[in-house]
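One structure below.
Please treat every number below as a calculation from the coordinates, not as lab data. The model shown is predicted, which means the values in this text are computed figures rather than measured ones. Quick reminder, even Gly has a Cβ in these numbers, built from the backbone with ideal geometry, and neighbours come from all protein chains shown.
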């Protein structure tokens, strides 16, 4: 609950506007909200009719014959204590979402102040639930955004994982192919080396044969004279 001059000025403006705009509608129908239990604790009000009191307070605000003593705002709920200028006549005003729904009048400042404090206390308790509800709604929206972000992130990671898995399979297949090619190349290399060795042996054999055949060339007999 807050109670300071800035809220006082703010609430005074709200009172003036809402009384001017909403008073005819309030006068035409019963109170939309049940009377809170603090009325009995605060002592009897001079006039229990909230409808006529709203009109009365409206006239005083228009005539500038009432001033604000206290004001408090708790979330959507507001409470104001006003004092008439011409006599000891106090008004306790209750607001919900910047709209007046109840006005109480007292001819005793102590009773009016007690009613104001009780109303402010009750508004604080009620506003606590409202604030908690608003906080939970904000948290839910935050969680929903976080879930959406997490889903996007998870999908991106899944795409990366699928890409990694596909690339890994491709690499495994390439490794198998490369290994098979290496094995084939090794077989071809051994076969070529064996063939080369065979050819070299054949060359050496031929060379050796040629060398031996040179030594065995026939020698012509010399003619006798």
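Taken along the Cα-to-beta-carbon direction at a fixed 7 Å, the label points for residue 181 and residue 160 span 3.1 nm. Taking a ≥ b ≥ c as the square roots of the eigenvalues of the Cα gyration tensor, segment 102-225 is prolate, since a/c reaches 1.5 or more and a/b is larger than b/c.
Between residue 213 and residue 172, the simple label model (points 7 Å from Cα in the Cβ direction) yields a spacing of 6.3 nm. Take 129-142, 66-79 and order them by the average number of nearby Cβ atoms within 10 Å per residue, most first; the result is 66-79, 129-142. Label sites at residue 130 and residue 85, each approximated as a point 7 angstrom past Cα along Cα to Cβ, lie 3.1 nm apart. Peptides 195-202, 120-127, ordered by how many other C-beta atoms sit within 10 Å of their residues on average, highest first, read 120-127, 195-202.
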